[in-house]
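Only one structure is covered here, and it is reproduced in the block below.
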Amino acid sequence: MDTAVTSNETEARVRAIADGMPVLGKLGITVDSVGDGTATMSMPSQPDLSQQHGYQHAGITTLLADTTGGLAAATMMPEGTNVLAVEFKINLLAPARGDRFRAEGRVLRPGRTLTVVEVDVFADTGERATLIARMQQTCICIPDRRG
């Protein structure tokens, strides 16, 4: 099997992975960019996704970071494969309040089986971006079993 693909093919494959996750649409999460070893996703602030103090719930921030890291890892994996997180740690650094939330993932160490990724999550308000979380994640390369 030829695993060499162009950047356009890789981007289309990675975007198809995101398209296969209905939860992203429900939450308004979009793929903003995909590159070699990188991915950026974002979502609007939504009051119905907040916790008792009005900040975005940590579970939503974690979902955004986890998915972004997975897509960044997927850019380094060959055609015919997909990705699953096997481990992550997230540090919540500031209250999650802003107009939009943006996650930027980058591969720290690619591997044939395991890939390590780092993701920063920002709360954007106007021109101001506040780092609200940092995740380190390990993803595993698996055969693509989607339809």
Handout entry: Within the range 77-106: backbone nitrogen closer than 14 Å to the Ser33 label point (7 Å, Cα to C-beta)
Key = 102-106
Practice task
Would you grab the residues whose amide H sits under 5 Å from the one on Asp144? Only those 5+ places off in sequence or on another chain, please, with H modelled 1.01 Å from N.
Solution key: Thr81, Asn82
Completion exercise
Which residues qualify? For His57, with a placed amide H closer than 5 Å and at least 5 residues away or on another chain, they are Ser50, Gln51
Practice task
Alpha carbons only, please: Rg and Dmax for the range 7-143, in angstrom.
Solution key: 14.3, 44
Fill in the blank from the handout: Expressed in nanometres to one decimal, the distance between label points 7 Å along Cα→Cβ at Ala16 and Arg109 is 3.1 nm
Practice task
For the range 88-95, just list the computed ³J(HN,Hα) in residue order, Karplus coefficients 6.51, -1.76 and 1.60, θ = phi - 60°, integers in Hz, with x standing in for Gly and Pro.
Solution key: 7, 9, 10, 9, 8, 9, 7, x
Fill in the blank from the handout: Percent relative contact order for the range 21-88, counting Cα pairs under 8 Å at least six residues apart, stands at 29 percent
Exercise for the section: Starting at the first residue of the range 58-70, write each ³J(HN,Hα) from the Karplus equation 6.51 cos²θ - 1.76 cosθ + 1.60 with θ = phi - 60°, in whole Hz, x for Gly and Pro. Expected result: 4, x, 6, 4, 5, 4, 4, 5, 4, 5, 4, x, x
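Values in this text are rule-based calculations from the coordinates and carry no lab data. Bear in mind the structure is a predicted one, so any value in this text is a computation, not a measurement. Here Cβ is always computed from backbone atoms with ideal geometry, including for glycine, and neighbour counts include all displayed protein chains.
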